[in-house]
Structure formats: structure tokens, C-alpha cells
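Heads up: the structure comes next, in C-alpha cells.
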Amino acid sequence: MRSAPPKPPDSSDQSEQTSAKKPSSRAQKKSRGFTPLAPVRFVQGVGTSLVGIAVVMALLAGVGVWRSGDRFLEGLRLMLTAPQPEPEVDVRSVIIHKLQGASELTTAIFAMEAVVPTTSDRTLAGYVIGKTNLLYIAYGEVRAGVDLSRLDPSQITTGPESVRIQLPPAQILDSKLDVERSEVYDYDRGFLGLGPDNAPELQEMAQRQALQKITRAACSEGILTAANERAQLVVSQLLSPLAFESVQVDTQTPDELTCAGLANSDTVN
């Protein structure tokens, strides 16, 4: 007995099997790394819109230039060639730089010749057995003025056409003896030469006393007041090239006590 031949598969079954075995084209693209095209199309659309806007703006600008003509070009030229603001200069710094170049401004000099005696004793058992006398003639000078290096901007007031300066107080700048013009006038060791032979020490003592004497005389003669008055004139002349219409120079009252204290200076040149 023969068995029945196998039944051919139904076409619908074949199609279902085929579709089950073969993935769709979209699934195949996704599995192969492809992404949807919607975001790309969106970016392309935005870029196209921006280009269009830029073209429209350029056309409008061109029309504006064409209609305005020379006025637009002239405005552009003025904008590019506008004058730059001039740099500001602190006039006070210029004044200080000019005045400090003079540093210690000597405006008064007092010169004097002084005769100074000095003596030294030799003793024995408390009794003076000999005496040495030295007579020294000294020539000295005292310089007074204003130290312009102490000037600062707070002491300067400027206006459009004016300047006002308050100078530091006048002071003794230097006091010295001119040893070339000074000399020992007399040196005596007394009877039988029993006085001590100490001429160098007596001469040095005479020089210190002479310098103190000359400086005290300069202070008592008003050297600081004279220095103040002349400093006003000199500083005004120094500032004249700056072309101010009004220059006012104020001074400070000198310290006479300081002047007297410097009388103890022993500078010798």
C-alpha cells in the first residue's frame, strides 16, 4: 500500500516563513549603524534659513548704501578717522620733576672770619706749671636754602592758568671751614716751654669752636629768613617757562631752634 505524497506547502505559509527569516529594510539599516534622517534635515533647514536672512540683510544694506550715497561713505570715514583723546599730563609731576632737578636749592650764604683762642695747661701735683696758647683765625661759610627733594604733590595746587606751591621750610644745608684760608696765627708754650706740646689737638678744638661761632652768627643774622625770601623768587623764575599766568610761591616759617641746634655742627672741609 502506497503512502500518500507529501502535501506541498501553502504559499501563505511560505511568505510568513520568509518574512520571519528576513528582517525589514529599516531594521537592517538600523542594525548597520544608520540613523534617521529627520535631525539632519532639520539642521539643513535651519542653515538654509540663516543664509537666506544674511542675504536679505546684505541686500538691505546695499540698498541703503545706494540710496544714501556719499553720506554713508562720509559717515564711515568720520567714524574710522575720529580724533583720539589727547593723553592727560599731571602738571604737578612736571613741576616736581623740574624743581627737584635743583635738589638742595641754596638761596643764602653767610661768610665770616672768626678769631678763636684755645689753651692747654700742664699740671704737677695739682698746680699749673706751664700753659700753651694757640690763636686760630678761621674763615667759614654757612649755606641755607630749601631742600626741594622733600616737595610732594600735596604741596602743589594747579588751576587752568595758575599754580600755587608751598615750599618746605628753609634750613641750614651746610656749614664748613675753609682750611685753605684759615691758619694758626700764634702758638706759644709759655715760660721755658713748659706748656704741653699739643698743637694738633688745640687746632682741632679751635676749628670746632670757630664753626659753632660762625653758625650761631648766621642764625642770629636771619639767614633762614633771607633764604625763604630768595627761594620764592628763584622758584618763580624756575616755573616761568611753563607759561602760567599766575605763580604763587608760599614759604613756611623757619625753625630758629633747629638753626641754633645745628650751630654745634663740626663739619670742616
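Every test in (1) out of contact with any Lys or Arg (no Cβ under 6 Å at 6 or more places or on another chain); (2) part of a loop (DSSP other than H, G, I, E, B); (3) open to solvent by less than 20 Å² (accessible area, probe 1.4 Å) is passed by Phe244 save one, and that test is (3).
Scanning the range 110-139 for residues that are in a strand (DSSP E or B), out of contact with any Asp or Glu (no Cβ under 6 Å at 6 or more places or on another chain) and among the hydrophobic types (A, V, I, L, M, F, W, C) yields Phe110, Met112, Ala114, Val115, Val116, Leu124, Ile129, Leu134, Ala138.
Leu177 meets each of the listed conditions (1) within 19 Å of Asp255 (Cα to Cα); (2) modelled with pLDDT of 90 or more apart from (1).
Would you confirm, using the coordinates I've provided, whether Glu183 is among the acidic types (Asp, Glu) and either in contact with a His (Cβ under 6 Å, 6 or more places away or on another chain) or closer than 30 Å to Lys131 by Cβ (or both)? Yes. Every test in (1) in a helix (DSSP H, G or I); (2) open to solvent by 70 Å² or more (accessible area, probe 1.4 Å) is passed by Thr253 save one, and that test is (1). Exactly one residue out of Arg122, Arg189, Arg150 is open to solvent by 70 Å² or more (accessible area, probe 1.4 Å) and under 30 Å from Asp255 (Cβ atoms): that is Arg150. Screening the range 153-179 for residues that are assigned to a strand (DSSP E or B) and over 23 Å from Ala111 (Cβ atoms) and picking the one that is most open to solvent (accessible area, probe 1.4 Å) gives Arg164.
Can you confirm whether Lys98 is open to solvent by 50 Å² or more (accessible area, probe 1.4 Å) and either under 30 Å from Ser182 (Cβ atoms) or modelled with pLDDT of 80 or more (or both)?
Judged against the criteria, Lys98 is not a match.
When the residues of the range 125-147 are filtered to those that are surrounded by fewer than 18 Cβ atoms within 10 Å (Cβ to Cβ) and aliphatic (A, V, I, L, M), which remaining residue is farthest from Ala218 (Cα to Cα)? Per the stated criteria, the residue is Ala125. Among the listed residues Leu233, Leu257, Leu242, identify the single one that is modelled with pLDDT under 80 and under 30 Å from the mean Cα position of the chain (by Cα). One residue alone meets the criteria, Leu242. So which residues in the range 192-226 are without any contact (Cβ under 8 Å) to a residue 24 or more places away in the chain and crowded, with 17+ Cβ neighbours inside 10 Å? Gly222, the sole residue that qualifies.
The values are calculated or read from the model by the stated rules, or taken from the named source; none is laboratory data. Computed from a predicted structure; not experimentally measured. Note: ideal-geometry Cβ built from the backbone for every residue, glycine included; neighbour counts use all protein chains shown. Accessible surface is based on the protein model in full, side chains and every heavy atom, while ligands, DNA and RNA are left aside. Shrake-Rupley method; radii C 1.70, N 1.55, O 1.52, S 1.80 Å.
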